[in-house]
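Reading through the structure tokens given below for one structure.
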Amino acid sequence: MFYTNVQLKKNQTKESKLFLIKYLYLFNLFMKSYLIFIFICFSCLPIFGNNCYFSTDTIKEKNISNEVIDFAKTLIGTPYKYASQEPQIGFDCSGFVNYVFAHFNIKVPRISREFASIGKEIMVEDANIGDIILFTGTNTNDPTIGHVGIITSNDNGNIQFIHSSSGKNIGVIISNLEGYYQTRLVKIIQLTN
């Protein structure tokens with residue numbers, strides 16, 4: 001309980017003592033219920049599934065794919081910073097994607113590996129701007145998602161994506177899906193409800 005060690009004055013009546021005890025009991029009950037409510041609302045428990053991440057409006061429903069990419073491009077040159085999603089400090093890859101979509105009130109995971117279980121997987125040739133591209137980490141033998149970006153263009157399968165890179169081009173850049181990135185590609189997802 002929140003208030004268990006309450007000292008009652010000797011001259012208080014029995015009724016006032018009972019009132020105080022009942023008041024404290026109800027207050028404690030209310031606070032526990034409130035804390036449980038807050039926990040459920042803001043903790044993103046796995047029981048809520050993918051709905052934990054997405055608002056009811058997806059990028060296609062809002063028809064804002066171009067706006068998402070235009071906003072993402074304003075962040076080009078922002079430095080790479082592990083475990084950050086603050087533009088003043090820098091971004092890691094998932095922090096960048098999370099920050100961009102949050103600007104449009106679309107919730108996506110904050111951790112790269114959590115992107116593996118959301119959205120609808122689509123073929124490379126069907127990728128559209130605003131779709132999310134998922135890669136392994138630097139160890140291509142480990143299929144765990146370790147890097148994410150946002151598709152900026154698809155010209156007959158020639159894909160470009162924007163991401164926060166920790167490689168030699170450190171920070172937010174646009175890259176082609178070829179060579180090193182092609183070998184790490186896991187899948188492309190489209191955000192869905």
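Data for the structure
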| item | result |
| --- | --- |
| Over 17 Å [Cα-Cα, the stretch 125-165], rounded percent | 35 percent |
| Accessible-area composition of the stretch 134-190, carbon plus sulfur, in percent [1.4 Å probe] | 41 percent |
| Accessible solvent surface per residue of the stretch 69-168, calculated while the other protein chains remain in place, 1.4 angstrom probe, Å² | 48 Å² |
| Between the stretch 138-193 and the stretch 65-121, the Cα center-to-center distance that results, in Å | 13 Å |
| Linear extension gain, Asp155 paired with Asn141, 0.36 nm per residue minus alpha-carbon span | 2.1 nm |
| Fully extended contour minus Cα-Cα distance, from Ile170 to Gln182, at 0.36 nm per residue | 2.5 nm |
| Cα-based radius of gyration of the stretch 66-186 once divided by 2.2 N^0.38 Å, which approximates compact folds | 0.95 |
| Residues of the stretch 166-193 with amide N under 20 Å of a point placed 7 Å along Cα→Cβ from Glu86 | 166, 171-172 |
| The stretch 108-193: GluC sites (Glu not before Pro) in DSSP loop, at most 12 other beta carbons within 10 Å | Glu178 |
| Separation of the Asn63 and Glu114 label points, Cα + 7 Å toward Cβ, nm | 3.1 nm |
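The values are calculated or read from the model by the stated rules, or taken from the named source; none is laboratory data. All values reported here derive from a predicted model rather than from experimental measurement. Because the Cβ atoms are built from the backbone with ideal geometry, glycine has one as well, and the counts that use them run over all protein chains shown. Each accessible area value is taken on the protein alone, full model and side chains, heavy atoms only, with ligands, DNA and RNA left out. Shrake-Rupley method; radii C 1.70, N 1.55, O 1.52, S 1.80 Å.
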